[in-house]
Amino acid sequence: MTDSVKVDGRDVRFTHPDKVMYPSTGLTKQGVLDYYLAVASALIPLAKDRPVTRKRWMDGVGTAEKPGKVFFHKDIDNDAPDWIHTHTIEHDDHTNAYPLIDSPAVLAFYVQHNALEFHVPQWRFGPRGARRNPDRIVFDLDPGEGATAEQLVELAVLLRDRLRDDHIETVPVPSGSKGIHLYGALDGKRDSDTITEYGHALASALEEERPDLVVTNIRKAVRAGRILIDWSQNRAAKTTVTPYSLRGRLRPTVACPQTWEELQSGLSQKTSEQAIYLLKQRPCPLLALMGGE
C-alpha cells in the first residue's frame, strides 16, 4: 500500500485512508479526499488568495455521546512543502503565516492532516501580500430554538431583496449546520470597516421592522423563535467557513451554495454526495455571482 497520492502531478503524503472520519455514515479519510477533489474546481476559486484557518479532527468527528476533539490551526504547518504558498498577517502580539488554498494538492495535504473545515475572510491578499478590500459581504442567519426552516427562508429572501435595493446580488449557502450564509458580491471599493457598518445597520433595520422574526443580539436567551442575523463576520479579522467545506458535524454536511429556486423549494443541509451531485447538474451559483473568480 502506497503512503502517497498523486494530485496535479505532485506526490502528496497520504496515510490511513481507511480511517473513519464520520462514524454515522462510515465516510473515511479517503472519502473526504475524494470529496474535496470532486469539488475543487468550485471551492478553490472561492477560497483562493484568502488566508485559511483549518479545523482538524485527528480521530474523526466521533458520536453524539463522544464527540471527537477538534483543533484550530492558523499558522502554516511545520512540515508543509514549499509549494504551499503563504502570506503573513501581523496580529497585536505575533505574526502568522497563513497558507493559501490554490490547488487540489493543497487540499490533499490538509486532508492528510485531518482537516475537515476550512475558514476564510471576505477579503483577499493582493499579489504582494497586501490585504485588499472585501469582494463579498456575508450574513450568517442562525436560527434560535424553535425557529423554523420556513422562517429562515423567509428572512433570507427578505434580506436578499433589501440588498438588491442597494444593487448587491446574493446567493444563499445553507451552512451545513443549522442556518444559511447569505453572500453578496461587492465591487471592492469599500474597506472592511465600512462593509461591517453597512451590514450592522441593515441587520438592525430589519430587526426594528420585523421583531417577530429578526434578532441581532447573540445571547441565546433572547433568540427563541427568531433568527439571529450575524453581520460581524464581515470584520477583517473574522472568518466564515468557506463554501464547499465539509462541516465537523455528525453527518458529512457541506456549506453548499444553492440557487434561490433550490432554496425556496425547501431548505435542506446538503451532504457531500448531494453537493457533488448539484455541481454536476448545474454551475456553482456563487462562482457565477463572483464572476467566475
For this session: Calculate, in nm to one decimal, what Ser204 and Asp3 gain on full extension: separation in residues at 0.36 nm each, minus their alpha carbon distance.
Result: 67.1 nm
Exercise. Which whole-Hz couplings ³J(HN,Hα) result when phi for each residue of the stretch 186-197 is put into the Karplus expression 6.51 cos²θ - 1.76 cosθ + 1.60, θ = phi - 60°, listed in order with x for Gly and Pro?
Worked result: 10, 8, x, 8, 10, 7, 4, 4, 5, 5, 4, 5
Problem set entry | Cα-based reach from Lys178 at 17 Å (exclusive), listing lysines while leaving out same-chain residues under 8 positions away | Lys220, Lys270
Seminar exercise, completed: At R0 = 25 Å the Cβ-Cβ FRET efficiency linking Arg131 and Lys66, nearest 0.05, sits at 0.05
Seminar exercise, completed: Under 5 Å from the placed amide H of Ser4, counting only residues 5+ away or on other chains, we find Phe14
Problem set entry | In order through the stretch 10-18: 3J(HN,Hα) via Karplus (6.51 cos²θ - 1.76 cosθ + 1.60), integer Hz, x for Gly, Pro | 9, 8, 10, 4, 8, 10, 6, x, 8
Exercise. At q = 0.07 Å⁻¹, what base-10 log of I(q)/I(0) does the Debye formula yield for the chain when every alpha carbon is treated as an equal point scatterer in vacuo?
Worked result: -0.26
For this session: May I ask you to list the chymotrypsin sites (Phe, Trp or Tyr not before Pro) in the stretch 12-86 that are in a DSSP loop and have at most 16 other Cβ atoms within 10 Å of their Cβ?
Result: Trp83
Problem set entry | Accessible surface, the stretch 43-191, averaged per residue in Å² (probe 1.4 Å) | 45
Exercise. Along each of its three principal axes, how wide is the spread of alpha-carbon positions in the stretch 9-77, in whole angstrom units, largest first?
Worked result: 38, 25, 22
Exercise. Using the per-residue mean of other Cβ atoms lying within 10 Å as a proxy for protection, in what order, highest first, do the peptides 26-32, 49-55 fall?
Worked result: 49-55, 26-32
Exercise. At a 1.4 Å probe, what is the % contribution of carbon and sulfur to the accessible area of the chain?
Worked result: 48
Problem set entry | Amide H partners (placed H, <5 Å) of Ser245, local residues excluded | Ala255
Exercise. ³J(HN,Hα) across the stretch 90-98 via Karplus (A = 6.51, B = -1.76, C = 1.60, θ = phi - 60°), whole Hz, x for Gly/Pro?
Worked result: 8, 9, 4, 10, 6, 10, 10, 9, 9
For this session: Name the residue, out of Asn234, Asn96, Asn133, whose mean-square fluctuation peaks in a Gaussian network model built on the chain with Cα pairs under 10 Å.
Result: Asn96
Exercise. For the chain, modelled as a GNM with alpha-carbon contacts under 10 angstrom, which of His16, His73, His94 fluctuates the most?
Worked result: His94
Seminar exercise, completed: Rg from C-alpha atoms of the stretch 41-167, normalised by the globular rule of thumb 2.2 N^0.38 Å, equals 1.29
Problem set entry | Per residue Cα convex hull volume in Å³ - calculated over the stretch 106-188 | 122
Problem set entry | Cross-link partners of Lys189 among lysines (Cα-Cα below 25 Å; sequence separation of 8 or more within a chain) | Lys48, Lys238
Exercise. Under 18 Å Cα-Cα from Lys19, which aspartates and glutamates qualify once same-chain neighbours fewer than 8 residues away are excluded?
Worked result: Asp3, Asp34, Asp59, Glu117
Problem set entry | Relative contact order for the chain, counting Cα pairs under 8 Å that sit 6 or more residues apart, in percent | 20
Exercise. What is the dipole size for the chain, taken about its Cα centre, with +1 at each Lys and Arg Cβ and -1 at each Asp and Glu Cβ, in debye to the nearest 20?
Worked result: 500
Exercise. What is the Rg over Rh value, at two decimals, for the stretch 146-253, using alpha-carbon atoms and the Kirkwood definition of Rh?
Worked result: 0.95
For this session: Using only alpha carbon positions, build the gyration tensor of the stretch 188-234, then give the equivalent ellipsoid semi-axes as the square roots of 5 times its eigenvalues, largest first, whole angstrom.
Result: 23, 11, 6
Problem set entry | Accessible surface, the stretch 210-293, averaged per residue in Å² (probe 1.4 Å) | 46
For this session: Please give the per residue volume of the convex hull enclosing the alpha carbon atoms of the stretch 238-293, rounded to a whole number of Å³.
Result: 101
Exercise. GNM on the chain, C-alpha springs below 10 Å: top fluctuator among Gln264, Gln122, Gln281?
Worked result: Gln281
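The values are calculated or read from the model by the stated rules, or taken from the named source; none is laboratory data. Note that the structure is predicted; figures quoted are calculated from it, not measured. A quick note on method: Cβ atoms are made from the backbone with ideal geometry, for glycine too, and the neighbour counts reach across all protein chains shown. Side chains included, ligands, DNA and RNA excluded: accessible areas come from the protein's heavy atoms. Shrake-Rupley method; radii C 1.70, N 1.55, O 1.52, S 1.80 Å.
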